[in-house]
Structures are given as structure tokens and as C-alpha cells.
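Please read the structure below before turning to the comments.
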Amino acid sequence: MCLQFLCARYPSYFSIDKQTLLFHNHILNTKTNLREVDPLVVLLNNVPEDFAIVLRNPETGYYSFRAGVVCSSIGWSVGSKIGMDLKEIHTPVPDYKEKMKFSMDR
């Protein structure tokens with residue numbers, strides 16, 4: 001979805017050859033074979049954003065962190081957060097419980 005969005009929104013900068021499944025990043029002048037490269041690595045190499053994949057726990061109803069690419073400069077570690085609920089990850093965030101928890105846990 002992310003690559004499709006980039007290609008649709010910025011067609012002069014990004015394209016996908018549907019026959020070969022090569023993703024072209026014209027900004028970096030790179031080509032990525034989408035059949036051979038892990039999807040999170042594709043995102044890491046082409047999109048300057050953090051990505052967190054969360055899944056709802058059917059027993060608790062809360063979302064937990066399952067995979068991601070985080071390039072934050074504040075020292076956030078994916079390995080230390082895997083499997084944690086969003087509320088656990090955001091415990092140190094000021095006002096999380098009062099202002100953000102409800103909307104993030106839906």
C-alpha cells in the first residue's frame with residue numbers, strides 16, 4: 001500500500017514495473033526487486049518514515065507491537081518493544097493515558 005501510494009502521489013519520483021515487480025526510486029536512482037527483498041527492508045531503504053505493525057490481541061482487545069522499522073534518533077529500540085501493548089510502550093509519554101490511549105487502543 002505504501003509503495004502504491006508513493007507511485008500514485010509522486011509518479012515522477014517512484015514507479016513499479018508490474019511485470020518484473022521492480023520498484024524504481026528515481027530520487028535515489030535505485031531499483032528494488034520486490035520478489036527478493038523483505039518488505040520492511042524495502043520501506044527502510046525508500047521511505048523516510050517510521051513504520052510500526054500492530055495487531056489486536058484477541059484475548060485482551062489491546063494492540064501489541066509485532067514488527068516495524070523505526071529510524072528515530074531518540075534511541076527507540078524495536079527489539080525492546082516487540083510484543084508490548086501500545087499502553088506499555090507509551091508509559092513514559094506525558095499525558096498518553098489521559099489524551100491518547102482511548103483513540104490509539106481502538
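Read the figures in this text as sums done on the coordinates, not as results from a lab. This one's a predicted model, so the numbers in the text were calculated from it and none came from an experiment. Ideal geometry is used to build each Cβ from the backbone, glycine not excepted, and the neighbour counts take in all protein chains shown.
Tabulated values for the structure
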item	result
Residue within region 80-87 that is farther than 29 Å from Cys7 by Cα and of a type in the set (Gly, Ala, Ser) present	yes
Output for region 15-49, where each listed residue is of a type in the set (D, E, K, R) and either out of contact with any Asp or Glu (no Cβ under 9 Å at 6 or more places or on another chain) or touching a residue at least 60 places away in the same chain (Cβ under 8 Å) (or both)	Asp17, Lys18, Arg35, Glu36, Asp38, Glu49
Listing of strands (runs of 3 or more DSSP E) fully contained in the chain that carry 1 or more residues being touching a Gly at 6+ places or on another chain (Cβ under 9 Å) and not small (Gly, Ala, Ser)	51-56, 63-69
Residue match in region 75-86 (condition: free of Cβ contacts under 8 Å to residues at least 12 places away in the same chain, surrounded by fewer than 11 Cβ atoms within 10 Å (Cβ to Cβ) and within 16 Å of the chain's Cα centre (by Cα))	yes
Pick from region 1-19, criterion closer than 19 Å to Asn33 by Cβ and of a type in the set (S, T, N, Q), ranking: farthest from the chain's Cα centre (by Cα)	Gln19
